[in-house]
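**Student:** I have a structure here, written as structure tokens, and I will follow up with some questions on it.
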Amino acid sequence: MGSMHTGLEEEKGGFERMARYFEDRAKGGVGLIVTGGVAPNREGWVSPFSIKLTRKSEARKHSLITNAVHQHGAKICMQILHAGRYGYHPLCVAPSKIKAPINRFSPRALSRWGVKRTIRNYVRCAKLAKMGGYDGVEIMGSEGYLINEFIAKRTNHRKDEWGGSYENRMRFPLEIVREIRKELGQDFIIIYRLSMLDLVDEGSSWDEIVLLARELEKAGVNIINTGIGWHEARVPTIATMVPRAGFAWVTKKLMGKVNIPLITTNRINMPEVAEKVLEEGCADMVSMARPFLADPEFMNKAELGKPEQINTCIACNQACLDHVFKQKTASCLVNPKACHETYYPEEKSSKSKKLAIVGGGPAGLSAAIHAAERGHEVHLFEGSTEIGGQFNLAKRIPGKEEFHETIRYFNQRLSDLKVNVHLNTKVGTTDLIGKYDEIIIASGVQPRSIPLVGADHPKVLRYDEVISGKVNVGARVAIIGAGGIGFDTAEYLSHSDQENHELGHFTKTWGIDREMSERGGLAKPVNTKSQREIHLMQRKESKPGAGLGKTTGWIHRASLKKAGVKTYAGVEYKSIDDRGLHFIHKGEEQCLEVDHVVLCAGQISVNTLYKELEAQGVKAHLIGGALKAGEIDAKRAIEEGLKAAYVV
């Protein structure tokens with residue numbers, strides 16, 4: 001289980017919650033766990049007052065975690081992470097005074113004495129980790145953090161013995177490893193996370209990467225883990241659009257160059273993917289992080305030969321990375337119990353009830369499986385011929401195919417828990433009143449229409465008609481609404497059915513040099529302009545896509561830009577007629593002569609049944625889109641389903 005910061009590290013009572021969080025993964029069959037990054041000193045903080053390990057009193061708290069993991073036979077290593085110039089605070093330091101493009105704070109350049117003191121701090125941190133019961137440490141040497149900054153010309157402009165030649169630049173990590181090995185002996189595990197593909201200008205060359213790997217082995221490293229991309233890189237590395245195991249080829253290039261095990265990582269989310277990686281000789285070991293957020297029982301289910309029962313990570317980042325970057329506790333869109341295990345006891349409800357859940361979208365499905373787990377008799381009513389709700393649209397968006405897995409998981413779970421599923425069934429108040437102990441309404445949303453002259457013109461289409469493939473869309477399209485649905489619709493329309501979405505297409509589109517002939521592994525991106533002419537428009541003056549996910553929004557904006565989609569902000573719509581869409585933009589009246597206008601102007605809640613029940617004095621629970629439409633939010637819907645299952 002790879003390193004991942006959760007935010008529990010800084011919360012009151014966080015160590016108790018982390019102990020349960022890691023214990024569940026150890027109990028679930030993980031062999032080796034690496035914690036989230038822990039700073040070796042205050043300068044290395046990721047943000048003010050984030051987790052560090054500098055004193056014995058701090059080390060003692062960690063024994064809660066290590067004891068919990070060890071009782072299930074797993075090993076656990078603590079990651080030592082010095083944020084360097086990525087530290088979001090005024091104390092941040094770096095090899096040279098060069099500001100990171102993703103940070104408002106400029107770092108202070110470490111003096112010679114400061115470099116040596118920092119090395120000692122790493123060693124002290126490792127010794128305290130051992131005192132806290134850890135089996136070893138992972139030294140974070142990738143992703144553009146401090147050690148990576150020493151290695152790369154991009155960020156190391158020093159003229160002393162810690163800069164200049166590559167031999168000098170790699171001294172910093174080698175000294176850290178040598179000193180830790182000397183202090184802690186041969187039985188202490190040292191994993192080094194090596195940046196094998198920087199994806200930034202003036203990154204490491206392949207020859208430098210191989211040289212450093214060999215020197216790390218000599219210095220005493222037991223295992224080398226793969227690091228992909230700096231945080232400032234403009235190439236997706238873990239988002240759902242990245243092909244499964246999309247960077248295993250990088251690790252494979254290093255196989256045979258050293259005599260210690262290599263770990264590969266990134267977008268490995270199912271057992272068959274991990275198995276293929278190993279069979280093809282890409283690595284000796286496989287690391288997954290977010291997949292263990294999604295399902296702590298991942299390995300046990302794999303061992304039993306039941307991958308269909310795995311709650312698959314869809315790499316959306318919405319509840320994990322997006323939360324952490326907003327200083328919120330991480331969780332998981334498909335498993336809201338993640339990092340909140342202590343809030344949801346596993347025991348059955350004190351009284352078994354007969355429940356009706358209306359709506360088979362994300363909220364209703366979540367409520368159904370969690371209520372059934374708690375021992376209730378659950379009847380799920382869905383008006384269409386299949387479960388999934390809005391996920392059935394999401395799975396059709398290029399780069400979001402992983403939503404197929406979530407629907408598969410829910411179907412499997414409903415079957416395993418013997419939930420009574422009634423498809424193609426619309427219910428009214430007479431079907432519910434007096435027949436169930438509790439009623440949960442999760443009837444979802446429907447597209448919102450807009451009061452516009454010509455809104456009923458044949459050119460006008462709804463986003464659900466378009467994405468579901470029910471209508472043929474012309475070569476010239478205007479999209480009204482540039483929120484999440486608008487971006488998804490533009491993504492859907494900008495891709496052709498013949499387009500190859502495999503690894504080769506991905507690396508060419510985003511400019512990744514698989515030959516590693518260029519520093520940083522960058523190549524010139526290949527033009528992926530859409531065959532359609534697409535115009536994406538919004539009334540708001542803000543930048544289109546500003547409300548998208550913090551860690552993935554830039555990817556969606558860049559993807560549409562590559563496709564040649566033209567975006568507009570501050571638009572006043574006037575009318576739609578045979579000629580096209582008439583509007584005012586920047587004070588000028590214009591007309592887009594388009595074949596179709598697609599409405600992505602938001603959603604409205606479908607809650608008529610709830611109101612009818614309320615009018616008859618029947619109390620029901622309202623969740624998901626039926627409670628609040630806004631931007632469709634599967635994360636909120638699934639969490640509300642879980643909470644509803646614990647209050648009925």
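**Student:** Can you return the aspartates and glutamates within cross-link range of Lys459? Criterion is Cα-Cα under 18 Å, with same-chain partners fewer than 8 residues away left out.
**Tutor:** Candidates past the 8-residue exclusion: Glu533, Asp577, Asp578, Glu593, Asp595.
**Student:** In addition: Please enumerate, by chain and number, the lysines with C-alpha under 17 Å from the C-alpha of Lys418, excluding those fewer than 8 residues away in the same chain.
**Tutor:** Lys348, Lys353, Lys354
**Student:** From zero up to wherever the largest Cα-Cα distance of the range 8-343 sits, split into 20 Å bins and tell me the percent of pairs in each.
**Tutor:** Going out from 0 Å in 20 Å bins, the range 8-343 shows 32, 63, 6 percent.
**Student:** Quick check: the distance between the Cα centres of the range 257-300 and the range 415-453, to the nearest angstrom?
**Tutor:** 40 Å
**Student:** What residues qualify as long-range amide H neighbours of Leu622, i.e. H under 5 Å apart, gap of 5 or more or another chain, H built at 1.01 Å from N?
**Tutor:** The answer is Ile441.
**Student:** Something else: Would you list which lysines come within 22 Å of Lys529, measuring only between C-alpha atoms, while excluding same-chain residues fewer than 8 positions from it?
**Tutor:** Lys400, Lys508, Lys543, Lys561, Lys562, Lys566
**Student:** Another question, if that's okay. Can you tell me the dipole magnitude for the range 8-343 around its Cα centre, using point charges on the Cβ only (Lys, Arg +1; Asp, Glu -1), in Debye to the nearest 20?
**Tutor:** Computed about the Cα centre, the dipole is about 1280 debye.
**Student:** Report, in degrees rounded to the nearest 10, the 0 to 90 angle that the Cα long axis of helix 634-647 makes with the longest principal axis of the chain.
**Tutor:** Relative to the chain, helix 634-647 is tipped by roughly 80 degrees.
**Student:** Which one, Ser443, Ala319, Pro40, projects farthest toward the positive side of the charge dipole computed for the chain from Cβ point charges (K/R +1, D/E -1)?
**Tutor:** Pro40
**Student:** In the chain, what % of DSSP beta bridges are antiparallel (nearest 5)?
**Tutor:** Counting only bridges with both partners in the chain, antiparallel ones make up about 20 percent.
**Student:** Which percent of the Cα-Cα distances in the range 186-345 go past 26 Å?
**Tutor:** Summing the P(r) tail past 26 Å for the range 186-345 gives 34 percent.
**Student:** What is the Cα centroid distance between the range 506-581 and the range 88-122, reported in whole angstrom?
**Tutor:** 35 Å
**Student:** May I ask you to evaluate 6.51 cos²θ - 1.76 cosθ + 1.60, the Karplus curve with θ = phi - 60°, for each residue of the range 381-394 and list the ³J(HN,Hα) values in order in whole Hz, giving x for glycine and proline?
**Tutor:** Residue by residue, the range 381-394 yields 10, 10, x, 9, 8, 8, 7, x, x, 5, 4, 6, 7, 4 Hz.
**Student:** Another question about this same structure. Taking the 0 to 90 degree range and rounding to the nearest ten, how far is the long axis of helix 553-562 tilted relative to the main principal axis of the chain, both from C-alpha atoms?
**Tutor:** In the chain, helix 553-562 runs at an angle near 80 degrees to the longest axis.
**Student:** Another question, if that's okay. Mind putting a number on the dipole of the chain about its Cα centre? Charges go on the C-beta only, +1 for Lys and Arg and -1 for Asp and Glu, and I need it in Debye to the nearest 20. List each step's numbers first, then the result.
**Tutor:** Numbers: 90 positive and 77 negative charges, 447 e Å.
Computed about the Cα centre, the dipole is about 2140 debye.
**Student:** A further question on this structure: Want the number for Asp160 to Glu272: 0.36 nm per residue separation, take away the alpha-carbon distance, what's left?
**Tutor:** Working: separation 112, 0.36 × 112 = 40.32 nm, distance 4.88 nm.
Between Asp160 and Glu272, full extension yields 35.4 nm more.
**Student:** In the structure shown, do any of Lys75/Lys337; Lys99/Lys218; Lys27/Lys257; Lys276/Lys643 have a Cα-Cα gap over 29 Å, and if so which? Don't skip to the end; give the middle numbers.
**Tutor:** Details: Lys75/Lys337 23 Å; Lys99/Lys218 33 Å; Lys27/Lys257 35 Å; Lys276/Lys643 38 Å.
Where the Cα-Cα span goes over 29 Å, the pairs concerned are Lys99/Lys218; Lys27/Lys257; Lys276/Lys643.
**Student:** Follow-up question, since we're still on this one. So, how do all the Cα-to-Cα distances of the chain break down into 10 Å bins, in percent, from 0 on up?
**Tutor:** Computed distribution, short to long bins: 3, 15, 23, 24, 19, 11, 4, 1, 0.
**Student:** Helix 14-27 against the longest principal axis of the chain: what's the angle in degrees, Cα atoms only, rounded to the nearest 10?
**Tutor:** For 14-27 against the chain, the angle is about 90 degrees.
**Student:** If you plug each phi of the range 104-109 into the Karplus form 6.51 cos²θ - 1.76 cosθ + 1.60 with θ = phi - 60°, what whole-Hz ³J(HN,Hα) values come out, in order, with x for Gly and Pro?
**Tutor:** These are the phi-based 3J(HN,Hα) values: 7, 8, 8, x, 8, 6 Hz.
**Student:** Right, something else. Roughly how many whole Å is it from the C-alpha centroid of the range 315-375 to that of the range 16-45?
**Tutor:** Between the Cα centres of the range 315-375 and the range 16-45 lies a distance of 22 Å.
**Student:** In the range 8-343, if the dipole is taken from +1 on Lys/Arg beta carbons and -1 on Asp/Glu beta carbons about the Cα centre, which of Ile151, Gly246, Tyr134 is farthest to the positive end?
**Tutor:** Going by the Cα projections, it comes out as Ile151.
**Student:** Give me Ile263, Ile623, Ile369, Ile189 ranked fewest to most by other Cβ atoms within 10 Å of their Cβ, as a rough exposure proxy. Show your work: numbers first, answer last.
**Tutor:** Values: Ile263 21, Ile623 31, Ile369 24, Ile189 17.
Fewest-to-most ranking of Ile263, Ile623, Ile369, Ile189: Ile189, Ile263, Ile369, Ile623.
**Student:** Give me the percent relative contact order of the chain, please, defined on Cα pairs under 8 angstrom at least 6 residues apart.
**Tutor:** Numbers: 1454 pairs, mean separation 77.0, N = 648.
This gives 12 percent for the chain.
**Student:** Only counting other Cβ atoms within 10 Å, I'd like Ser165, Ser530 sorted with the fewest neighbours first.
**Tutor:** Ordered from fewest to most neighbouring Cβ atoms within 10 Å, Ser165, Ser530 come out as Ser165, Ser530.
**Student:** Okay, next question. Can you list the HN-Hα couplings for the range 609-623, worked out from phi with the Karplus curve (6.51, -1.76, 1.60; θ = phi - 60°), rounded to whole Hz and with x for Gly and Pro?
**Tutor:** 4, 4, 5, 5, 5, 4, 5, 9, x, 9, 7, 9, 9, 10, 9
**Student:** For His422, His596, which order do you get if you count the other beta carbons within 10 Å of each Cβ and list the fewest first?
**Tutor:** In increasing order of surrounding Cβ atoms, one gets His422, His596.
**Student:** Percent relative contact order of the range 8-343, based on C-alpha pairs within less than 8 angstrom and at least six residues apart?
**Tutor:** Over the range 8-343, the number comes to 14 percent.
**Student:** Whose amide H sits under 5 Å from the amide H of Asp577, counting only residues 5 or more places off or on another chain, with H placed in the peptide plane?
**Tutor:** Result for Asp577 returns His582.
**Student:** At 222 nm, what value in deg cm²/dmol follows for the chain if DSSP H runs of at least 4 each add -39500 (n - 2.57) and the sum is divided by all its residues, to the nearest 500?
**Tutor:** Rounded to the nearest 500, the figure is -9500 deg cm²/dmol.
Read-outs: derived from the displayed coordinates by stated rules, not from any lab. On a predicted model such as this, the values are computed, not experimentally measured, just so you know. Ideal geometry is used to build each Cβ from the backbone, glycine not excepted, and the neighbour counts take in all protein chains shown.
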